[in-house]
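The values are calculated or read from the model by the stated rules, or taken from the named source; none is laboratory data. Given the structure is predicted, the values throughout are model-derived calculations rather than measurements. Neighbour counts run over all protein chains shown; Cβ positions are idealised from the backbone, glycine included.
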Amino acid sequence: MKKAQKVAIGLITAIVVGVVVMVIAGHGRETTDDAQIEAHVVNISARIPGQVQKLLVADNQQVKAGDPILELDKAELEARLSAAEADLASARSGVEAGESNVSASVSRLKFAEIELNRARKLNKEGVLAKAELDSAINQHDQAKAAYDTSVASLGSTKKGGSLGAALARVQQAEASLALARLNLSYTTITAPINGIVSRRSVESGQMVTPMVPLLALVDLDDVWVVANYKEDQLEDIRLGQKAKVKVDSYGSKTFEAEVASIGAATGSKFALIPPDNASGNFVKVVQRIPILLHFKNLKQDALAVRPGMSADVTIFTK
(Lines give C-alpha, C1' and ligand atoms only; values in the text may rest on other atoms or scores of the structure.)
Protein backbone atom coordinates (compact mmCIF):
# COMPACT_ATOMS: atom_id res chain seq x y z
CA MET A 1 0.00 0.00 0.00
CA LYS A 2 1.36 3.36 -0.97
CA LYS A 3 2.15 5.99 1.62
CA ALA A 4 -0.43 8.39 0.22
CA GLN A 5 -3.15 5.79 0.59
CA LYS A 6 -2.16 5.14 4.20
CA VAL A 7 -2.36 8.88 4.95
CA ALA A 8 -5.77 9.12 3.31
CA ILE A 9 -7.09 6.16 5.23
CA GLY A 10 -5.72 7.64 8.46
CA LEU A 11 -7.43 10.99 7.82
CA ILE A 12 -10.72 9.33 6.98
CA THR A 13 -10.50 7.19 10.11
CA ALA A 14 -9.76 10.24 12.24
CA ILE A 15 -12.72 12.12 10.77
CA VAL A 16 -15.08 9.19 11.34
CA VAL A 17 -13.88 8.76 14.91
CA GLY A 18 -14.27 12.50 15.52
CA VAL A 19 -17.79 12.51 14.15
CA VAL A 20 -18.74 9.48 16.26
CA VAL A 21 -17.29 11.10 19.38
CA MET A 22 -19.17 14.34 18.68
CA VAL A 23 -22.43 12.47 18.16
CA ILE A 24 -21.98 10.49 21.37
CA ALA A 25 -20.90 13.55 23.33
CA GLY A 26 -23.80 15.60 22.01
CA HIS A 27 -26.44 12.93 22.55
CA GLY A 28 -28.93 13.87 25.26
CA ARG A 29 -27.95 17.51 25.44
CA GLU A 30 -28.69 20.75 23.61
CA THR A 31 -26.19 23.60 23.61
CA THR A 32 -26.29 27.22 22.51
CA ASP A 33 -23.94 30.16 22.81
CA ASP A 34 -26.77 32.64 22.23
CA ALA A 35 -27.48 33.30 25.92
CA GLN A 36 -27.05 36.07 28.43
CA ILE A 37 -27.56 36.83 32.11
CA GLU A 38 -30.69 38.74 33.12
CA ALA A 39 -31.94 40.40 36.31
CA HIS A 40 -34.57 42.87 37.45
CA VAL A 41 -33.57 46.44 36.58
CA VAL A 42 -35.83 49.07 38.15
CA ASN A 43 -35.66 52.64 36.84
CA ILE A 44 -36.19 55.26 39.54
CA SER A 45 -37.87 58.57 38.74
CA ALA A 46 -39.53 61.39 40.69
CA ARG A 47 -43.31 61.57 41.06
CA ILE A 48 -43.35 65.35 41.38
CA PRO A 49 -41.15 68.08 39.89
CA GLY A 50 -38.58 69.70 42.14
CA GLN A 51 -34.96 70.45 42.89
CA VAL A 52 -32.70 67.78 44.35
CA GLN A 53 -31.72 68.89 47.85
CA LYS A 54 -29.83 65.78 48.98
CA LEU A 55 -28.39 62.90 46.98
CA LEU A 56 -27.97 60.01 49.40
CA VAL A 57 -26.42 57.29 47.20
CA ALA A 58 -23.35 56.85 45.02
CA ASP A 59 -22.63 54.82 41.90
CA ASN A 60 -22.54 51.04 42.47
CA GLN A 61 -23.73 51.44 46.06
CA GLN A 62 -25.83 48.63 47.48
CA VAL A 63 -29.15 49.72 48.98
CA LYS A 64 -32.02 47.92 50.67
CA ALA A 65 -35.72 48.30 50.00
CA GLY A 66 -37.00 51.39 51.83
CA ASP A 67 -33.61 53.14 52.02
CA PRO A 68 -33.79 56.84 51.03
CA ILE A 69 -32.15 57.57 47.70
CA LEU A 70 -32.59 61.33 47.38
CA GLU A 71 -34.62 64.21 48.79
CA LEU A 72 -36.26 67.06 46.91
CA ASP A 73 -36.65 70.60 48.23
CA LYS A 74 -39.65 70.63 50.62
CA ALA A 75 -40.11 74.37 51.25
CA GLU A 76 -42.86 75.03 48.70
CA LEU A 77 -44.78 71.85 49.51
CA GLU A 78 -44.57 72.52 53.25
CA ALA A 79 -46.08 75.97 52.61
CA ARG A 80 -48.88 74.38 50.58
CA LEU A 81 -49.50 71.94 53.42
CA SER A 82 -49.80 74.79 55.92
CA ALA A 83 -52.23 76.61 53.62
CA ALA A 84 -54.32 73.44 53.24
CA GLU A 85 -54.45 73.00 57.02
CA ALA A 86 -55.59 76.63 57.42
CA ASP A 87 -58.29 76.19 54.75
CA LEU A 88 -59.59 73.11 56.52
CA ALA A 89 -59.72 74.89 59.88
CA SER A 90 -61.60 77.79 58.29
CA ALA A 91 -64.10 75.46 56.60
CA ARG A 92 -64.74 73.57 59.82
CA SER A 93 -65.26 76.83 61.74
CA GLY A 94 -67.89 77.83 59.17
CA VAL A 95 -69.80 74.61 59.82
CA GLU A 96 -69.48 75.08 63.59
CA ALA A 97 -70.72 78.69 63.32
CA GLY A 98 -73.80 77.62 61.35
CA GLU A 99 -74.62 74.86 63.81
CA SER A 100 -74.11 77.29 66.71
CA ASN A 101 -76.55 79.79 65.17
CA VAL A 102 -79.22 77.10 64.89
CA SER A 103 -78.66 76.02 68.49
CA ALA A 104 -78.96 79.62 69.73
CA SER A 105 -82.15 80.26 67.72
CA VAL A 106 -83.70 77.08 69.10
CA SER A 107 -82.98 78.26 72.66
CA ARG A 108 -84.45 81.72 72.00
CA LEU A 109 -87.58 80.21 70.43
CA LYS A 110 -88.17 77.91 73.40
CA PHE A 111 -87.79 80.82 75.81
CA ALA A 112 -90.20 82.95 73.74
CA GLU A 113 -92.79 80.14 73.73
CA ILE A 114 -92.56 79.83 77.51
CA GLU A 115 -92.99 83.60 77.93
CA LEU A 116 -95.91 83.67 75.47
CA ASN A 117 -97.74 80.88 77.29
CA ARG A 118 -97.19 82.65 80.60
CA ALA A 119 -98.45 85.96 79.19
CA ARG A 120 -101.59 84.34 77.75
CA LYS A 121 -102.36 82.73 81.09
CA LEU A 122 -101.91 85.98 83.02
CA ASN A 123 -103.94 87.93 80.46
CA LYS A 124 -106.78 85.42 80.73
CA GLU A 125 -106.73 85.84 84.51
CA GLY A 126 -106.86 89.63 84.05
CA VAL A 127 -103.45 90.15 85.61
CA LEU A 128 -101.60 91.08 82.42
CA ALA A 129 -102.65 93.88 80.09
CA LYS A 130 -103.30 93.19 76.38
CA ALA A 131 -100.39 95.43 75.38
CA GLU A 132 -98.01 93.22 77.34
CA LEU A 133 -99.54 90.11 75.71
CA ASP A 134 -99.03 91.65 72.29
CA SER A 135 -95.40 92.33 73.20
CA ALA A 136 -94.91 88.65 74.16
CA ILE A 137 -96.55 87.54 70.90
CA ASN A 138 -94.29 89.89 68.95
CA GLN A 139 -91.17 88.55 70.68
CA HIS A 140 -92.28 84.98 69.97
CA ASP A 141 -92.85 85.80 66.30
CA GLN A 142 -89.40 87.35 66.05
CA ALA A 143 -87.79 84.29 67.67
CA LYS A 144 -89.75 81.99 65.33
CA ALA A 145 -88.66 84.02 62.30
CA ALA A 146 -85.03 83.91 63.46
CA TYR A 147 -85.30 80.15 63.93
CA ASP A 148 -86.83 79.64 60.47
CA THR A 149 -84.15 81.82 58.92
CA SER A 150 -81.30 79.93 60.58
CA VAL A 151 -82.74 76.55 59.59
CA ALA A 152 -83.38 77.68 56.02
CA SER A 153 -79.90 79.16 55.94
CA LEU A 154 -78.39 75.84 56.88
CA GLY A 155 -80.51 73.83 54.50
CA SER A 156 -79.19 70.52 53.18
CA THR A 157 -76.44 69.53 50.81
CA LYS A 158 -78.93 68.67 48.10
CA LYS A 159 -80.82 71.97 48.49
CA GLY A 160 -77.63 74.00 48.36
CA GLY A 161 -78.07 75.54 51.80
CA SER A 162 -75.22 77.22 53.61
CA LEU A 163 -74.57 74.14 55.76
CA GLY A 164 -74.39 72.00 52.63
CA ALA A 165 -71.96 74.46 51.08
CA ALA A 166 -69.93 74.58 54.29
CA LEU A 167 -69.75 70.79 54.45
CA ALA A 168 -68.68 70.68 50.80
CA ARG A 169 -65.93 73.19 51.58
CA VAL A 170 -64.80 70.96 54.46
CA GLN A 171 -64.63 67.91 52.19
CA GLN A 172 -62.73 69.88 49.55
CA ALA A 173 -60.31 71.20 52.17
CA GLU A 174 -59.76 67.69 53.55
CA ALA A 175 -58.98 66.39 50.03
CA SER A 176 -56.58 69.28 49.40
CA LEU A 177 -54.85 68.57 52.72
CA ALA A 178 -54.48 64.85 51.91
CA LEU A 179 -53.02 65.72 48.49
CA ALA A 180 -50.61 68.22 50.04
CA ARG A 181 -49.41 65.59 52.53
CA LEU A 182 -49.04 63.03 49.75
CA ASN A 183 -47.00 65.38 47.57
CA LEU A 184 -44.81 66.23 50.53
CA SER A 185 -44.13 62.52 51.09
CA TYR A 186 -43.00 62.26 47.46
CA THR A 187 -40.07 64.58 48.18
CA THR A 188 -38.22 61.61 49.69
CA ILE A 189 -37.56 58.93 47.07
CA THR A 190 -36.85 55.49 48.51
CA ALA A 191 -35.57 52.26 47.02
CA PRO A 192 -38.44 49.91 46.04
CA ILE A 193 -36.16 46.83 46.02
CA ASN A 194 -32.77 45.64 47.21
CA GLY A 195 -30.24 46.44 44.54
CA ILE A 196 -27.11 48.11 43.25
CA VAL A 197 -27.23 51.75 42.14
CA SER A 198 -26.46 51.94 38.43
CA ARG A 199 -26.74 54.36 35.51
CA ARG A 200 -27.08 57.36 37.85
CA SER A 201 -27.72 60.61 35.99
CA VAL A 202 -28.87 62.84 38.84
CA GLU A 203 -26.84 65.31 40.92
CA SER A 204 -27.56 67.55 43.90
CA GLY A 205 -29.20 70.83 42.88
CA GLN A 206 -30.59 69.37 39.66
CA MET A 207 -34.18 70.10 38.66
CA VAL A 208 -36.08 66.86 38.02
CA THR A 209 -39.41 66.11 36.44
CA PRO A 210 -41.71 63.06 36.67
CA MET A 211 -41.20 60.09 34.34
CA VAL A 212 -37.54 60.95 33.64
CA PRO A 213 -35.25 58.14 34.93
CA LEU A 214 -32.76 59.36 37.52
CA LEU A 215 -30.97 56.07 38.20
CA ALA A 216 -31.51 52.34 38.05
CA LEU A 217 -31.43 49.63 40.70
CA VAL A 218 -30.18 46.20 39.66
CA ASP A 219 -31.42 43.33 41.79
CA LEU A 220 -28.60 40.78 42.04
CA ASP A 221 -30.57 38.61 44.47
CA ASP A 222 -32.64 37.26 41.59
CA VAL A 223 -30.49 36.52 38.54
CA TRP A 224 -31.37 34.15 35.71
CA VAL A 225 -30.29 33.13 32.22
CA VAL A 226 -32.15 33.54 28.94
CA ALA A 227 -30.90 31.09 26.29
CA ASN A 228 -32.18 31.50 22.73
CA TYR A 229 -32.40 28.01 21.26
CA LYS A 230 -33.09 27.25 17.62
CA GLU A 231 -36.55 25.89 16.97
CA ASP A 232 -35.14 22.56 15.80
CA GLN A 233 -33.45 22.09 19.19
CA LEU A 234 -36.64 22.19 21.25
CA GLU A 235 -37.99 18.69 20.63
CA ASP A 236 -36.58 17.14 23.81
CA ILE A 237 -36.35 20.22 26.06
CA ARG A 238 -38.70 20.10 29.05
CA LEU A 239 -39.33 22.13 32.21
CA GLY A 240 -37.18 21.16 35.19
CA GLN A 241 -34.32 19.69 33.14
CA LYS A 242 -30.84 20.28 34.52
CA ALA A 243 -28.39 22.52 32.72
CA LYS A 244 -24.96 24.01 33.06
CA VAL A 245 -24.07 27.60 32.31
CA LYS A 246 -20.65 28.75 31.28
CA VAL A 247 -20.20 32.50 31.61
CA ASP A 248 -17.69 33.93 29.15
CA SER A 249 -16.10 36.15 31.79
CA TYR A 250 -15.00 33.21 33.94
CA GLY A 251 -13.51 30.82 31.41
CA SER A 252 -14.12 27.17 32.23
CA LYS A 253 -16.10 27.79 35.42
CA THR A 254 -19.67 26.50 35.14
CA PHE A 255 -22.84 27.16 37.13
CA GLU A 256 -25.70 24.75 37.72
CA ALA A 257 -29.15 25.71 36.49
CA GLU A 258 -32.49 24.25 35.48
CA VAL A 259 -35.13 25.03 32.87
CA ALA A 260 -37.79 27.28 34.45
CA SER A 261 -39.92 28.27 31.45
CA ILE A 262 -40.06 28.23 27.66
CA GLY A 263 -40.97 31.33 25.69
CA ALA A 264 -44.44 31.58 24.18
CA ALA A 265 -43.18 32.92 20.83
CA THR A 266 -40.03 33.47 18.85
CA GLY A 267 -38.04 36.60 19.38
CA SER A 268 -38.84 37.82 15.86
CA LYS A 269 -42.58 38.00 16.69
CA PHE A 270 -41.83 40.80 19.14
CA ALA A 271 -39.63 42.74 16.75
CA LEU A 272 -40.57 46.28 15.78
CA ILE A 273 -41.44 45.00 12.31
CA PRO A 274 -42.30 41.28 12.59
CA PRO A 275 -41.75 39.15 9.48
CA ASP A 276 -44.83 38.50 7.37
CA ASN A 277 -44.48 35.22 5.52
CA ALA A 278 -47.69 35.87 3.58
CA SER A 279 -46.16 38.84 1.78
CA GLY A 280 -44.78 36.65 -1.02
CA ASN A 281 -41.13 37.31 -0.15
CA PHE A 282 -40.78 34.25 2.05
CA VAL A 283 -37.27 33.06 2.90
CA LYS A 284 -37.18 30.38 5.55
CA VAL A 285 -34.99 31.36 8.49
CA VAL A 286 -34.48 29.17 11.53
CA GLN A 287 -36.12 30.99 14.43
CA ARG A 288 -35.07 31.03 18.07
CA ILE A 289 -37.18 30.54 21.19
CA PRO A 290 -36.08 32.11 24.50
CA ILE A 291 -35.73 29.64 27.35
CA LEU A 292 -35.45 30.91 30.91
CA LEU A 293 -33.18 29.04 33.32
CA HIS A 294 -32.80 29.62 37.05
CA PHE A 295 -29.45 29.22 38.75
CA LYS A 296 -29.17 26.65 41.53
CA ASN A 297 -27.23 27.61 44.65
CA LEU A 298 -25.71 30.67 43.01
CA LYS A 299 -23.45 32.61 45.37
CA GLN A 300 -22.77 36.19 44.40
CA ASP A 301 -19.15 36.22 45.56
CA ALA A 302 -16.02 37.40 43.78
CA LEU A 303 -17.16 35.43 40.72
CA ALA A 304 -20.43 37.33 40.56
CA VAL A 305 -22.60 37.20 37.48
CA ARG A 306 -24.07 40.42 36.18
CA PRO A 307 -26.97 41.14 33.82
CA GLY A 308 -25.86 41.38 30.21
CA MET A 309 -22.96 38.91 30.47
CA SER A 310 -22.72 36.42 27.61
CA ALA A 311 -22.93 32.71 28.35
CA ASP A 312 -23.02 29.24 26.85
CA VAL A 313 -25.85 26.99 28.00
CA THR A 314 -26.12 23.23 27.83
CA ILE A 315 -29.41 21.55 28.72
CA PHE A 316 -29.32 17.86 29.56
CA THR A 317 -32.38 16.38 27.84
CA LYS A 318 -31.70 12.71 28.74
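Tell me whether the stretch 268-286 contains one or more residues that are loosely packed, with under 14 Cβ neighbours inside 10 Å, under 30 Å from LYS64 (Cα atoms) and not β-branched (Val, Ile, Thr).
no
Given (1) in contact with a Lys or Arg (Cβ under 6 Å, 6 or more places away or on another chain); (2) over 26 Å from ALA35 (Cα atoms); (3) modelled with pLDDT under 90; (4) not charged (D, E, K, R), identify the lone condition not met by THR254.
Result: THR254 fails condition (2) only.
Modelled with pLDDT of 90 or more, within 30 Å of the chain's Cα centre (by Cα) and not in a strand (DSSP E or B): which single residue out of PRO290, PRO192 fits that description?
It is PRO192.
Quickly run through the stretch 195-218 and pick out the residues that are under 23 Å from ALA79 (Cα atoms) and assigned to a strand (DSSP E or B).
MET207, VAL208
Could you list all residues from the stretch 227-250 that are under 21 Å from LYS299 (Cβ atoms) and surrounded by fewer than 18 Cβ atoms within 10 Å (Cβ to Cβ)?
Of everything in the stretch 227-250, those that are under 21 Å from LYS299 (Cβ atoms) and surrounded by fewer than 18 Cβ atoms within 10 Å (Cβ to Cβ) turn out to be LYS242, LYS244, ASP248, SER249, TYR250.
Mind counting the residues in the stretch 227-278 that are in a loop (DSSP other than H, G, I, E, B) and either under 35 Å from the mean Cα position of the chain (by Cα) or under 18 Å from ASP312 (Cα atoms) (or both)?
Qualifying residue count for the region: 18.
Which residue pairs have Cβ atoms closer than 7 Å, lie 6 or more positions apart in sequence or on different chains, and pair a first residue in the stretch 49-74 that is under 19 Å from ASP221 (Cβ atoms) with a second residue that is among the basic types (Lys, Arg)?
none
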